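What follows is a short report on a single structure.
The values are calculated or read from the model by the stated rules, or taken from the named source; none is laboratory data. Computed from a predicted structure; not experimentally measured. We place every Cβ from the backbone using ideal geometry, glycine too, and count neighbours over all the protein chains shown.
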């Protein structure tokens, strides 16, 4: 069994960047927002310098769109709380994933496939847009790992409690987990929350580029399935980073082969690169 209908509709709506922006605004709010206030904040994100009359027109258009289309649909699938009588809308957290990831057609709504010279399914490279969608796909990979889960993270914004829980479940199944980050806070959190995992500091120049876009996270399971993401801009104190990821499946998938080539022999010597092992070496 794959997605239930409610989950499918949630994912379909979250593929829309405007719907994701609505949830981001509501998540940052301290409580429920009036529909006009929500429209004002959304329009402010989309426009730069316009006349006051044009700005007001855009807000009015957004309010109408919210009332008649977006908010009822988002509320119906449990993505927001919407009181149409009081014109109030508030954030509604997603429940724990109820997806059975055994179905290979799962997340098809999240992934846009790119054309490649290799015409088989194993040659497909997909694109996953948005932080929420990337998190969901990362959990999918963790849940489907059989032997090995290799991951690298650039920032703590790409870690969440749900990721840790899926990592714990993988370890309980006997999956070996490796987690790398040049961010000391990420490494500390991983050592505390997943003590059975091997945690190390990658020595890869392409992970430490000072400009954006830059590499966000890399997940490789069983050396045959991969998600490789890019952060479009730096995370701020209030906003999560924008993320877009490429995904590939299969030992001969071009993206999987590229990642294995980039990592090279490091994959086979991670136990000797972890922080605990390095600290035990004689000076």
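Key figures
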| item | result |
| --- | --- |
| Among residues of segment 218-241, those that are part of a loop (DSSP other than H, G, I, E, B), crowded, with 20+ Cβ neighbours inside 10 Å and modelled with pLDDT of 75 or more, counted | 0 |
| Subset of segment 187-196 [out of contact with any helix residue (DSSP H, G or I) (no Cβ under 6 Å at 6 or more places or on another chain) and either touching a residue at least 24 places away in the same chain (Cβ under 8 Å) or buried (at least 18 other Cβ atoms within 10 Å of the Cβ) (or both)] | 187, 189, 190, 191 |
| Residues that are at pLDDT 90 or above, part of a helix (DSSP H, G or I) and under 14 Å from residue 20 (Cα atoms), drawn from segment 42-82 | 66, 70, 71, 73, 74, 75 |
| Residue 168 being under 19 Å from the mean Cα position of the chain (by Cα), modelled with pLDDT of 85 or more and assigned by TED's automatic domain parsing to the domain that holds residue 232 | yes |
